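Undergrad: To start, I am sharing the structure in question, which I have written as C-alpha coordinates.
The values are calculated or read from the model by the stated rules, or taken from the named source; none is laboratory data. None of the values given here were measured: they were computed from a predicted structure. Here the Cβ positions follow ideal geometry from the backbone for every residue, glycine too, while neighbour counts run over all protein chains shown. Keep in mind that these areas ignore ligands, DNA and RNA; they rest on the heavy atoms of the full protein, side chains included. Shrake-Rupley method; radii C 1.70, N 1.55, O 1.52, S 1.80 Å.
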Amino acid sequence: QERAAVLAVEDNPKKLDLRTALKATRQSYAKAIMLCPPNLSWKIWLASGRTEVTCGNTRGARELFLRAHDSVSQKGRSTVLLECARLEEYCGDLPLSRSILCKARQQFGKSDWKVWLSSVNLECRCELRERAIVFAQEALSIHRGTGRLWAALIQLRHDDGELYQMKVLKHALRAVPKSGEVWCEGARIYLNPFSPTFDLQAASRHLSFAARFTPQYGDSFLEQLRLNMIDQWLIPLAAPFINSMHEAFLSCDQMQIEDAYHCIAKHTKNAADVLKTQLKETTLVKKDVLDTSELELRCSSADPNYGHLWFQCRASPIDTAREVITRAKTVMADSINDYSYLYIAAMVRRAGVLMLIHLETSKPNLPAEDLPCPNYHRWDGMVGRHLRSVPSLDKILPELDAEPMIFTSGCVGKNHNWDKLSLTEKRRVLFGSDSLLS
(Lines give C-alpha, C1' and ligand atoms only; values in the text may rest on other atoms or scores of the structure.)
Protein backbone atom coordinates (compact mmCIF):
# COMPACT_ATOMS: atom_id res chain seq x y z
CA GLN A 1 0.00 0.00 0.00
CA GLU A 2 2.81 2.40 0.85
CA ARG A 3 4.61 1.79 -2.44
CA ALA A 4 1.35 2.12 -4.39
CA ALA A 5 0.67 5.45 -2.67
CA VAL A 6 4.15 6.75 -3.44
CA LEU A 7 3.84 5.75 -7.12
CA ALA A 8 0.39 7.35 -7.35
CA VAL A 9 1.70 10.65 -5.97
CA GLU A 10 4.70 10.56 -8.32
CA ASP A 11 2.34 10.10 -11.30
CA ASN A 12 0.03 12.93 -10.22
CA PRO A 13 1.82 15.20 -7.71
CA LYS A 14 -0.49 18.20 -8.26
CA LYS A 15 -3.71 16.47 -7.24
CA LEU A 16 -2.45 13.98 -4.63
CA ASP A 17 -0.73 14.60 -1.31
CA LEU A 18 1.47 11.83 0.08
CA ARG A 19 0.30 12.25 3.68
CA THR A 20 -3.31 11.83 2.55
CA ALA A 21 -2.49 8.97 0.17
CA LEU A 22 -0.91 7.02 3.05
CA LYS A 23 -4.16 6.88 5.03
CA ALA A 24 -4.87 3.25 4.02
CA THR A 25 -1.29 2.31 4.92
CA ARG A 26 -1.66 3.76 8.42
CA GLN A 27 -4.90 1.85 8.92
CA SER A 28 -3.15 -1.38 7.93
CA TYR A 29 -0.36 -0.68 10.44
CA ALA A 30 -2.99 -0.12 13.16
CA LYS A 31 -4.62 -3.49 12.39
CA ALA A 32 -1.22 -5.19 12.34
CA ILE A 33 -0.32 -3.79 15.75
CA MET A 34 -3.56 -5.16 17.24
CA LEU A 35 -3.18 -8.61 15.67
CA CYS A 36 0.56 -9.32 15.86
CA PRO A 37 2.21 -11.04 18.88
CA PRO A 38 3.55 -8.58 21.49
CA ASN A 39 7.15 -9.68 20.95
CA LEU A 40 6.95 -8.62 17.27
CA SER A 41 5.10 -5.32 17.66
CA TRP A 42 8.38 -3.35 17.66
CA LYS A 43 8.94 -4.26 13.99
CA ILE A 44 5.54 -2.79 13.10
CA TRP A 45 6.37 0.40 14.99
CA LEU A 46 9.69 0.70 13.12
CA ALA A 47 8.11 0.05 9.73
CA SER A 48 5.38 2.61 10.39
CA GLY A 49 8.03 5.10 11.51
CA ARG A 50 9.86 4.66 8.24
CA THR A 51 6.61 5.32 6.41
CA GLU A 52 6.25 8.63 8.25
CA VAL A 53 9.81 9.53 7.23
CA THR A 54 8.78 8.93 3.61
CA CYS A 55 6.16 11.68 3.79
CA GLY A 56 8.35 14.05 5.82
CA ASN A 57 6.61 13.54 9.16
CA THR A 58 9.80 13.22 11.22
CA ARG A 59 8.04 14.13 14.48
CA GLY A 60 5.60 11.27 14.06
CA ALA A 61 8.43 8.93 13.06
CA ARG A 62 10.32 9.82 16.23
CA GLU A 63 7.29 8.97 18.40
CA LEU A 64 6.84 5.63 16.64
CA PHE A 65 10.53 4.75 17.02
CA LEU A 66 10.28 5.52 20.75
CA ARG A 67 7.31 3.15 20.99
CA ALA A 68 9.41 0.51 19.26
CA HIS A 69 12.18 1.11 21.81
CA ASP A 70 9.72 0.65 24.68
CA SER A 71 8.32 -2.63 23.31
CA VAL A 72 11.44 -4.32 21.91
CA SER A 73 13.29 -7.09 23.72
CA GLN A 74 16.91 -6.71 24.74
CA LYS A 75 18.00 -8.76 21.73
CA GLY A 76 16.52 -6.35 19.17
CA ARG A 77 17.18 -3.09 20.99
CA SER A 78 20.35 -2.31 19.05
CA THR A 79 18.34 -2.36 15.80
CA VAL A 80 15.90 0.22 17.20
CA LEU A 81 18.74 2.45 18.41
CA LEU A 82 20.31 2.39 14.96
CA GLU A 83 17.00 3.48 13.41
CA CYS A 84 16.74 6.32 15.94
CA ALA A 85 20.31 7.41 15.12
CA ARG A 86 19.55 7.42 11.38
CA LEU A 87 16.45 9.53 11.96
CA GLU A 88 18.34 12.17 13.94
CA GLU A 89 21.07 12.27 11.28
CA TYR A 90 18.38 12.69 8.64
CA CYS A 91 16.93 15.60 10.66
CA GLY A 92 20.40 17.18 10.87
CA ASP A 93 20.97 16.64 14.60
CA LEU A 94 24.41 15.01 14.39
CA PRO A 95 25.31 15.40 18.10
CA LEU A 96 22.16 13.50 19.12
CA SER A 97 22.77 10.87 16.44
CA ARG A 98 26.32 10.34 17.71
CA SER A 99 25.05 10.14 21.30
CA ILE A 100 22.58 7.39 20.37
CA LEU A 101 25.31 5.47 18.56
CA CYS A 102 27.62 5.89 21.56
CA LYS A 103 24.93 4.38 23.79
CA ALA A 104 24.48 1.53 21.30
CA ARG A 105 28.22 0.82 21.26
CA GLN A 106 28.42 0.80 25.03
CA GLN A 107 25.46 -1.53 25.46
CA PHE A 108 25.76 -3.77 22.41
CA GLY A 109 29.24 -3.16 20.96
CA LYS A 110 30.49 -6.62 21.94
CA SER A 111 27.52 -8.51 20.51
CA ASP A 112 26.40 -6.50 17.45
CA TRP A 113 28.93 -5.36 14.85
CA LYS A 114 26.30 -3.25 13.05
CA VAL A 115 26.47 -0.52 15.72
CA TRP A 116 30.14 -0.07 14.82
CA LEU A 117 29.50 -0.07 11.09
CA SER A 118 26.80 2.60 11.53
CA SER A 119 29.27 4.74 13.46
CA VAL A 120 31.87 4.33 10.72
CA ASN A 121 29.35 5.25 8.02
CA LEU A 122 28.17 8.35 9.88
CA GLU A 123 31.73 9.69 10.22
CA CYS A 124 32.38 8.92 6.54
CA ARG A 125 29.34 10.95 5.55
CA CYS A 126 30.64 13.79 7.72
CA GLU A 127 34.05 13.45 5.97
CA LEU A 128 35.81 12.69 9.25
CA ARG A 129 38.04 9.94 7.89
CA GLU A 130 40.40 9.63 10.84
CA ARG A 131 37.53 9.29 13.28
CA ALA A 132 35.93 6.63 11.05
CA ILE A 133 39.22 4.70 10.92
CA VAL A 134 39.44 4.71 14.71
CA PHE A 135 35.92 3.25 14.98
CA ALA A 136 36.68 0.63 12.30
CA GLN A 137 39.89 -0.49 14.01
CA GLU A 138 38.24 -0.63 17.42
CA ALA A 139 35.38 -2.64 15.93
CA LEU A 140 37.78 -5.12 14.32
CA SER A 141 39.54 -5.66 17.63
CA ILE A 142 36.21 -7.09 18.85
CA HIS A 143 34.63 -8.46 15.65
CA ARG A 144 37.70 -9.57 13.70
CA GLY A 145 35.71 -12.02 11.58
CA THR A 146 33.29 -9.44 10.10
CA GLY A 147 33.97 -8.85 6.42
CA ARG A 148 31.93 -5.65 6.11
CA LEU A 149 34.07 -3.93 8.74
CA TRP A 150 37.25 -4.96 6.91
CA ALA A 151 35.77 -3.73 3.62
CA ALA A 152 34.98 -0.35 5.19
CA LEU A 153 38.55 -0.06 6.53
CA ILE A 154 40.03 -0.88 3.10
CA GLN A 155 38.00 1.93 1.53
CA LEU A 156 38.98 4.36 4.29
CA ARG A 157 42.68 3.70 3.64
CA HIS A 158 42.46 4.99 0.06
CA ASP A 159 44.07 8.33 0.94
CA ASP A 160 47.03 6.48 2.46
CA GLY A 161 47.97 5.08 -0.92
CA GLU A 162 47.48 1.88 -2.89
CA LEU A 163 50.35 0.11 -1.12
CA TYR A 164 48.76 0.66 2.30
CA GLN A 165 45.38 -0.42 0.94
CA MET A 166 46.92 -3.65 -0.33
CA LYS A 167 48.50 -4.23 3.06
CA VAL A 168 45.10 -3.89 4.78
CA LEU A 169 43.55 -6.12 2.09
CA LYS A 170 46.06 -8.89 2.83
CA HIS A 171 45.35 -8.64 6.57
CA ALA A 172 41.62 -8.81 5.81
CA LEU A 173 41.94 -11.87 3.59
CA ARG A 174 43.91 -13.66 6.28
CA ALA A 175 41.21 -12.83 8.84
CA VAL A 176 38.15 -13.50 6.64
CA PRO A 177 39.28 -15.42 3.52
CA LYS A 178 35.69 -16.22 2.51
CA SER A 179 34.26 -12.68 2.74
CA GLY A 180 32.83 -11.58 -0.59
CA GLU A 181 32.84 -7.94 0.57
CA VAL A 182 36.61 -8.03 1.09
CA TRP A 183 37.29 -9.72 -2.26
CA CYS A 184 35.08 -7.10 -3.92
CA GLU A 185 37.12 -4.29 -2.36
CA GLY A 186 40.26 -5.92 -3.74
CA ALA A 187 38.67 -5.88 -7.19
CA ARG A 188 37.84 -2.18 -6.80
CA ILE A 189 41.50 -1.43 -6.07
CA TYR A 190 42.52 -3.17 -9.30
CA LEU A 191 39.70 -1.47 -11.26
CA ASN A 192 40.70 2.02 -10.11
CA PRO A 193 42.56 3.62 -13.05
CA PHE A 194 44.53 5.77 -10.60
CA SER A 195 45.83 2.68 -8.82
CA PRO A 196 49.47 1.95 -9.80
CA THR A 197 48.62 -1.78 -9.90
CA PHE A 198 45.57 -1.40 -12.19
CA ASP A 199 44.91 -4.92 -13.45
CA LEU A 200 41.73 -6.18 -15.15
CA GLN A 201 42.69 -9.86 -14.85
CA ALA A 202 43.32 -9.57 -11.10
CA ALA A 203 39.99 -7.75 -10.73
CA SER A 204 38.24 -10.59 -12.55
CA ARG A 205 39.77 -13.18 -10.19
CA HIS A 206 38.74 -11.20 -7.12
CA LEU A 207 35.17 -10.77 -8.36
CA SER A 208 34.93 -14.48 -9.09
CA PHE A 209 35.81 -15.27 -5.47
CA ALA A 210 33.48 -12.53 -4.20
CA ALA A 211 30.44 -13.91 -6.03
CA ARG A 212 31.29 -17.46 -5.00
CA PHE A 213 31.78 -16.78 -1.28
CA THR A 214 29.02 -14.18 -0.71
CA PRO A 215 26.44 -14.42 -3.52
CA GLN A 216 23.94 -12.25 -1.60
CA TYR A 217 26.31 -9.25 -1.87
CA GLY A 218 25.02 -7.37 -4.90
CA ASP A 219 28.03 -5.08 -5.44
CA SER A 220 30.13 -8.00 -6.72
CA PHE A 221 27.77 -8.54 -9.66
CA LEU A 222 27.61 -4.84 -10.49
CA GLU A 223 31.40 -4.55 -10.42
CA GLN A 224 31.49 -7.55 -12.77
CA LEU A 225 29.16 -5.60 -15.05
CA ARG A 226 31.60 -2.68 -14.99
CA LEU A 227 34.49 -5.01 -15.80
CA ASN A 228 32.57 -6.55 -18.72
CA MET A 229 31.94 -3.08 -20.13
CA ILE A 230 35.62 -2.16 -19.89
CA ASP A 231 36.65 -5.45 -21.52
CA GLN A 232 34.26 -5.19 -24.44
CA TRP A 233 34.28 -1.44 -25.06
CA LEU A 234 37.65 -0.01 -24.04
CA ILE A 235 40.28 -2.70 -24.68
CA PRO A 236 39.82 -2.43 -28.48
CA LEU A 237 40.24 1.36 -28.22
CA ALA A 238 43.47 0.94 -26.24
CA ALA A 239 45.05 -1.51 -28.70
CA PRO A 240 46.38 1.08 -31.25
CA PHE A 241 48.15 3.08 -28.52
CA ILE A 242 49.68 -0.07 -27.04
CA ASN A 243 50.91 -1.18 -30.50
CA SER A 244 52.45 2.24 -31.08
CA MET A 245 54.31 2.03 -27.77
CA HIS A 246 55.48 -1.49 -28.60
CA GLU A 247 57.00 -0.24 -31.87
CA ALA A 248 58.77 2.54 -29.94
CA PHE A 249 60.30 -0.04 -27.58
CA LEU A 250 61.45 -2.22 -30.47
CA SER A 251 63.02 0.72 -32.32
CA CYS A 252 65.47 1.29 -29.46
CA ASP A 253 68.37 -1.16 -29.24
CA GLN A 254 69.27 -0.17 -25.71
CA MET A 255 67.05 1.78 -23.35
CA GLN A 256 67.89 2.81 -19.80
CA ILE A 257 65.26 2.20 -17.15
CA GLU A 258 64.55 5.92 -16.68
CA ASP A 259 64.18 6.38 -20.44
CA ALA A 260 61.75 3.44 -20.51
CA TYR A 261 59.68 4.99 -17.74
CA HIS A 262 59.64 8.29 -19.64
CA CYS A 263 58.52 6.50 -22.82
CA ILE A 264 55.66 4.78 -20.97
CA ALA A 265 54.53 8.06 -19.42
CA LYS A 266 54.70 9.81 -22.80
CA HIS A 267 52.52 7.23 -24.58
CA THR A 268 50.11 7.10 -21.63
CA LYS A 269 49.62 10.86 -21.73
CA ASN A 270 49.21 10.81 -25.51
CA ALA A 271 46.47 8.17 -25.27
CA ALA A 272 44.61 10.17 -22.62
CA ASP A 273 44.90 13.45 -24.55
CA VAL A 274 43.72 11.95 -27.86
CA LEU A 275 40.74 10.18 -26.33
CA LYS A 276 39.77 13.16 -24.21
CA THR A 277 39.66 15.28 -27.35
CA GLN A 278 37.55 12.67 -29.16
CA LEU A 279 35.25 12.45 -26.14
CA LYS A 280 34.30 16.11 -26.56
CA GLU A 281 33.13 15.42 -30.11
CA THR A 282 31.44 12.02 -29.86
CA THR A 283 30.58 9.09 -27.60
CA LEU A 284 33.42 6.56 -27.54
CA VAL A 285 31.37 3.51 -26.57
CA LYS A 286 28.27 1.86 -28.01
CA LYS A 287 26.13 1.67 -24.92
CA ASP A 288 23.46 -0.55 -26.44
CA VAL A 289 25.90 -3.28 -27.52
CA LEU A 290 26.47 -5.42 -24.45
CA ASP A 291 25.16 -8.92 -23.78
CA THR A 292 24.48 -9.31 -20.05
CA SER A 293 22.24 -12.38 -20.23
CA GLU A 294 24.75 -14.67 -18.49
CA LEU A 295 25.43 -12.16 -15.72
CA GLU A 296 21.69 -11.56 -15.24
CA LEU A 297 21.11 -15.32 -14.94
CA ARG A 298 23.84 -15.73 -12.31
CA CYS A 299 22.64 -12.67 -10.43
CA SER A 300 19.00 -13.83 -10.49
CA SER A 301 20.04 -17.22 -9.13
CA ALA A 302 22.00 -15.60 -6.30
CA ASP A 303 19.23 -13.04 -5.56
CA PRO A 304 21.45 -10.38 -3.86
CA ASN A 305 19.85 -8.26 -1.15
CA TYR A 306 22.43 -5.71 -0.01
CA GLY A 307 25.41 -3.60 -1.01
CA HIS A 308 25.98 0.16 -1.18
CA LEU A 309 26.22 0.17 -4.98
CA TRP A 310 23.31 -2.28 -5.18
CA PHE A 311 21.07 0.10 -3.22
CA GLN A 312 22.17 3.01 -5.43
CA CYS A 313 20.96 1.15 -8.52
CA ARG A 314 17.78 -0.23 -6.94
CA ALA A 315 14.72 1.99 -7.28
CA SER A 316 12.42 -0.11 -5.08
CA PRO A 317 12.85 -2.93 -2.55
CA ILE A 318 10.73 -5.16 -4.81
CA ASP A 319 12.99 -4.70 -7.87
CA THR A 320 14.27 -7.96 -9.31
CA ALA A 321 17.95 -8.62 -9.95
CA ARG A 322 17.42 -8.17 -13.69
CA GLU A 323 15.80 -4.77 -13.14
CA VAL A 324 18.70 -3.62 -10.96
CA ILE A 325 21.26 -4.71 -13.57
CA THR A 326 19.29 -3.01 -16.34
CA ARG A 327 19.30 0.25 -14.36
CA ALA A 328 22.99 -0.19 -13.50
CA LYS A 329 23.86 -0.62 -17.19
CA THR A 330 22.63 2.90 -17.90
CA VAL A 331 24.42 4.48 -14.93
CA MET A 332 27.70 2.63 -15.46
CA ALA A 333 27.73 3.11 -19.23
CA ASP A 334 27.61 6.88 -18.74
CA SER A 335 30.43 6.86 -16.17
CA ILE A 336 32.66 4.55 -18.24
CA ASN A 337 32.16 6.74 -21.30
CA ASP A 338 32.94 9.91 -19.32
CA TYR A 339 36.14 8.43 -17.83
CA SER A 340 37.09 6.15 -20.72
CA TYR A 341 40.29 8.11 -21.35
CA LEU A 342 41.45 7.35 -17.80
CA TYR A 343 40.78 3.62 -18.09
CA ILE A 344 42.56 3.43 -21.45
CA ALA A 345 45.50 5.45 -20.15
CA ALA A 346 45.81 3.00 -17.25
CA MET A 347 45.76 0.08 -19.71
CA VAL A 348 48.50 1.67 -21.82
CA ARG A 349 50.61 2.34 -18.73
CA ARG A 350 50.33 -1.27 -17.51
CA ALA A 351 51.04 -2.67 -21.00
CA GLY A 352 54.19 -0.55 -21.16
CA VAL A 353 55.44 -1.94 -17.86
CA LEU A 354 54.84 -5.52 -19.04
CA MET A 355 56.76 -4.76 -22.26
CA LEU A 356 59.65 -3.40 -20.23
CA ILE A 357 59.74 -6.51 -18.03
CA HIS A 358 59.63 -8.73 -21.12
CA LEU A 359 62.62 -6.91 -22.63
CA GLU A 360 64.52 -7.17 -19.36
CA THR A 361 63.88 -10.88 -18.88
CA SER A 362 64.77 -11.68 -22.51
CA LYS A 363 68.34 -10.37 -22.19
CA PRO A 364 70.74 -13.12 -23.32
CA ASN A 365 73.27 -12.46 -20.52
CA LEU A 366 70.71 -12.95 -17.72
CA PRO A 367 71.04 -16.38 -15.98
CA ALA A 368 68.02 -18.66 -16.49
CA GLU A 369 67.59 -19.20 -12.76
CA ASP A 370 67.04 -15.44 -12.33
CA LEU A 371 64.07 -15.41 -14.72
CA PRO A 372 60.83 -15.59 -12.70
CA CYS A 373 57.96 -17.57 -14.18
CA PRO A 374 54.80 -15.48 -14.82
CA ASN A 375 52.84 -17.85 -12.58
CA TYR A 376 55.15 -17.45 -9.60
CA HIS A 377 55.08 -15.00 -6.71
CA ARG A 378 58.44 -13.54 -7.83
CA TRP A 379 56.86 -12.48 -11.11
CA ASP A 380 54.04 -10.68 -9.31
CA GLY A 381 56.60 -8.94 -7.11
CA MET A 382 58.63 -7.79 -10.11
CA VAL A 383 55.54 -6.45 -11.91
CA GLY A 384 54.37 -4.68 -8.74
CA ARG A 385 57.75 -2.98 -8.19
CA HIS A 386 57.86 -1.64 -11.74
CA LEU A 387 54.22 -0.52 -11.66
CA ARG A 388 54.89 1.49 -8.52
CA SER A 389 58.11 2.96 -9.98
CA VAL A 390 56.53 4.28 -13.19
CA PRO A 391 54.90 7.71 -12.68
CA SER A 392 51.30 7.26 -11.55
CA LEU A 393 48.34 8.44 -13.61
CA ASP A 394 47.69 11.53 -11.48
CA LYS A 395 51.33 12.62 -12.08
CA ILE A 396 51.26 11.85 -15.80
CA LEU A 397 47.94 13.73 -16.17
CA PRO A 398 48.18 16.63 -13.69
CA GLU A 399 45.25 18.57 -15.17
CA LEU A 400 42.38 16.20 -14.47
CA ASP A 401 38.66 16.81 -14.08
CA ALA A 402 38.32 13.65 -11.97
CA GLU A 403 39.43 12.89 -8.42
CA PRO A 404 40.87 9.42 -7.60
CA MET A 405 38.45 9.21 -4.67
CA ILE A 406 35.41 8.81 -6.93
CA PHE A 407 36.55 5.30 -7.93
CA THR A 408 36.91 3.90 -4.42
CA SER A 409 33.36 2.80 -3.58
CA GLY A 410 32.20 1.75 -7.04
CA CYS A 411 29.62 4.59 -7.23
CA VAL A 412 31.57 6.53 -9.87
CA GLY A 413 30.12 10.01 -10.05
CA LYS A 414 27.91 9.28 -7.03
CA ASN A 415 30.33 10.04 -4.20
CA HIS A 416 28.81 13.46 -3.57
CA ASN A 417 29.26 15.64 -0.52
CA TRP A 418 26.64 14.66 2.06
CA ASP A 419 25.58 18.26 2.64
CA LYS A 420 24.81 18.70 -1.08
CA LEU A 421 22.36 15.79 -1.21
CA SER A 422 18.63 16.46 -1.19
CA LEU A 423 16.41 15.12 1.61
CA THR A 424 15.10 12.44 -0.76
CA GLU A 425 18.63 11.29 -1.57
CA LYS A 426 19.60 11.29 2.10
CA ARG A 427 16.51 9.24 2.96
CA ARG A 428 17.44 6.68 0.31
CA VAL A 429 20.95 6.35 1.71
CA LEU A 430 19.88 6.12 5.35
CA PHE A 431 16.66 4.12 5.03
CA GLY A 432 17.16 2.43 1.66
CA SER A 433 17.70 -1.09 3.02
CA ASP A 434 15.26 -3.52 4.59
CA SER A 435 17.62 -4.52 7.38
CA LEU A 436 15.04 -3.97 10.11
CA LEU A 437 12.87 -6.75 8.69
CA SER A 438 15.70 -9.29 8.44
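Undergrad: Among residues belonging to the range 51-76 that are touching a helix residue (DSSP H, G or I) at 6+ places or on another chain (Cβ under 7 Å) and under 25 Å from S111 (Cα atoms), point out the one that is surrounded by the fewest Cβ atoms within 10 Å (Cβ to Cβ).
TA: This residue is S73.
Undergrad: Tell me which residues, restricted to the range 71-118, are part of a loop (DSSP other than H, G, I, E, B), under 21 Å from G49 (Cα atoms) and not hydroxyl-bearing (S, T, Y). Let's see the steps before the verdict.
TA: So in the range 71-118, the residues part of a loop (DSSP other than H, G, I, E, B) come out as 72-73, 91-93, 109-113.
Cutting the leftovers down to under 21 Å from G49 (Cα atoms) gives us 72-73, 91-93.
Within the range 71-118, V72, C91, G92, D93 meet the criteria.
Undergrad: For the range 212-236, enumerate the residues that are assigned to a helix (DSSP H, G or I) and more than 16 Å from L290 (Cα to Cα).
TA: Hits for the range 212-236 are R212, F213, G218, D219, S220.
Undergrad: Checking E10 against (1) more than 30 Å from D419 (Cβ to Cβ); (2) part of a helix (DSSP H, G or I); (3) open to solvent by 20 Å² or more (accessible area, probe 1.4 Å), only one condition comes out false. Which one?
TA: The single condition E10 does not satisfy is (1).
Undergrad: State whether the residues of the range 78-88 include one that is open to solvent by 40 Å² or more (accessible area, probe 1.4 Å) and closer than 19 Å to S422 by Cα.
TA: yes
Undergrad: If you don't mind, another one. What residue, among those in the range 163-200 that are open to solvent by 40 Å² or more (accessible area, probe 1.4 Å) and not hydrophobic (A, V, I, L, M, F, W, C), is nearest to R131 (Cα to Cα)?
TA: Once the filter is applied, the top-ranked residue is Y164.
Undergrad: Select from the range 385-422 the residues that are assigned to a helix (DSSP H, G or I) and modelled with pLDDT under 85 and write down the one among them that is nearest to the chain's Cα centre (by Cα). Write out each step before concluding.
TA: In the first step, residues of the range 385-422 are kept if they are assigned to a helix (DSSP H, G or I); the result is 385-389, 393-396, 404-407, 418-420.
Okay, now just the ones that are also modelled with pLDDT under 85, so 404-406, 418-420.
Values: P404: 14, M405: 11, I406: 10, W418: 16, D419: 20, K420: 20 Å.
Restricting to residues being assigned to a helix (DSSP H, G or I) and modelled with pLDDT under 85, the top hit is I406.
Residues checked against (1) buried (at least 18 other Cβ atoms within 10 Å of the Cβ); (2) of a type in the set (A, V, I, L, M, F, W, C); (3) out of contact with any Cys (no Cβ under 6 Å at 6 or more places or on another chain); (4) over 25 Å from W183 (Cα atoms):
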{"site": "I100", "(1), (2), (3), (4)": "yes, yes, no, yes"}
{"site": "F108", "(1), (2), (3), (4)": "yes, yes, yes, yes"}
{"site": "N121", "(1), (2), (3), (4)": "yes, no, yes, no"}
{"site": "I133", "(1), (2), (3), (4)": "yes, yes, yes, no"}
{"site": "E138", "(1), (2), (3), (4)": "no, no, yes, no"}
{"site": "I142", "(1), (2), (3), (4)": "no, yes, yes, no"}
{"site": "L156", "(1), (2), (3), (4)": "yes, yes, yes, no"}
{"site": "G161", "(1), (2), (3), (4)": "no, no, yes, no"}
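Undergrad: Now, a different point. Could you count how many residues in the range 280-307 are closer than 28 Å to Q1 by Cβ and either within 19 Å of the chain's Cα centre (by Cα) or modelled with pLDDT under 90 (or both)? Steps first, please.
TA: In the first step, residues of the range 280-307 are kept if they are closer than 28 Å to Q1 by Cβ; the result is 300, 303-307.
Of the ones still in play, those that are also either within 19 Å of the chain's Cα centre (by Cα) or modelled with pLDDT under 90 (or both) are 303-307.
Residues that pass the stated criteria total 5.
Undergrad: Kindly provide the set of residues from the range 16-35 that are touching a helix residue (DSSP H, G or I) at 6+ places or on another chain (Cβ under 6 Å) and not in a helix (DSSP H, G or I), ordered by number.
TA: L16, L22 - these are the residues of the range 16-35 that are touching a helix residue (DSSP H, G or I) at 6+ places or on another chain (Cβ under 6 Å) and not in a helix (DSSP H, G or I).
Undergrad: To continue, here is another question. For D253, all conditions in the list (1) loosely packed, with under 12 Cβ neighbours inside 10 Å; (2) in a helix (DSSP H, G or I) hold save one; what is the number of the exception?
TA: (2)
Undergrad: Same structure, new question: Could you identify the single residue in L297, L284, L279, L309 that is farther than 23 Å from Y217 by Cα, of a type outside the set (D, E, K, R) and part of a helix (DSSP H, G or I)?
TA: Answer to the selection: L279.
Undergrad: List the pairs whose first member sits in the range 12-39 and is of a type in the set (V, I, T), whose second member is exposed (fewer than 13 other Cβ atoms within 10 Å of the Cβ), and whose Cβ atoms are under 9 Å apart, counting only residues at least 6 apart or on separate chains?
TA: Note: pairs meeting the criteria are T25/A4.
Undergrad: What about L66, is it closer than 30 Å to T20 by Cα and in a helix (DSSP H, G or I)?
TA: Here the answer is yes, as L66 does meet what is asked.
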